[in-house]
Amino acid sequence: MARVIAVIAAALLALAVAAYLFYSGKEYTVKIPEAEIQQNLAKGLPVSKSYLTIFELTLDNPRVDLVEDSGRIVAGMDVALRIDATDDKRVFRGSVDISGLPHYVPATGEFHLQDLKIDRLSLEGLPDKQTERTRMVIEAALKEYYRRHPIYTLKATDIRQLAARLTLRRVSVEGDDLIIVLGI
């Protein structure tokens, strides 16, 4: 019985070494269309959340624009903001555009946006005295949203994508596609 277990263990070890040698040094390219990123970001929207007990923020209708040679992904959303600090509980509607860098998490095979910058924020009728605090709340909300919602997840059914999960080699934009090169 011990001999059978030893033979099976040796065979599995040999198979693992062969797989590593086969995939070692190879690159695998994943081409993600802009529309697929937008579709992934739309999952679970609209989302509403309260911040600092006075702000209620709703995010909806994501937009994605891949900009060649920038390395950053430009994304936008429609925003509805209710401020409960005064007796006037109006809802301010508008949009926000951000840009961020794709970040790869090998353990989950997910790509998230990080290093977010608000490029444009427009809320109709928002008083000037509320602008800076509102900007901070929206930035915090977007960081949380993009941390929880990947722009892309490698497919667990694709053996090449599974094998290439270890190392991100480079990310670029070509036309309307995000090009991700992975390797071991």
Residues (hydrophobic (A, V, I, L, M, F, W, C) and surrounded by 18 or more Cβ atoms within 10 Å (Cβ to Cβ)) located in the stretch 127-157: VAL137, ILE138, ALA141, LEU142, ILE151, LEU154
Among (1) farther than 30 Å from ALA156 by Cα; (2) buried (at least 16 other Cβ atoms within 10 Å of the Cβ); (3) of a type in the set (D, E, K, R), the one test that ASP119 misses: (2)
Residue in the stretch 123-145 that is at pLDDT 90 or above, touching a Pro at 6+ places or on another chain (Cβ under 8 Å) and either under 15 Å from ASN40 (Cα atoms) or of a type in the set (Ser, Thr, Tyr) (or both) present: no
Flag for GLU110 being touching a Ser or Thr at 6+ places or on another chain (Cβ under 6 Å) and more than 24 Å from ILE180 (Cβ to Cβ): no
So GLU110, is it surrounded by 12 or more Cβ atoms within 10 Å (Cβ to Cβ), free of Cβ contacts under 8 Å to residues at least 60 places away in the same chain, closer than 17 Å to LEU52 by Cβ and acidic (Asp, Glu): no
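The values are calculated or read from the model by the stated rules, or taken from the named source; none is laboratory data. Just so it is clear, the structure is predicted and the values come from calculations on it, not from any experiment. Here Cβ is always computed from backbone atoms with ideal geometry, including for glycine, and neighbour counts include all displayed protein chains.
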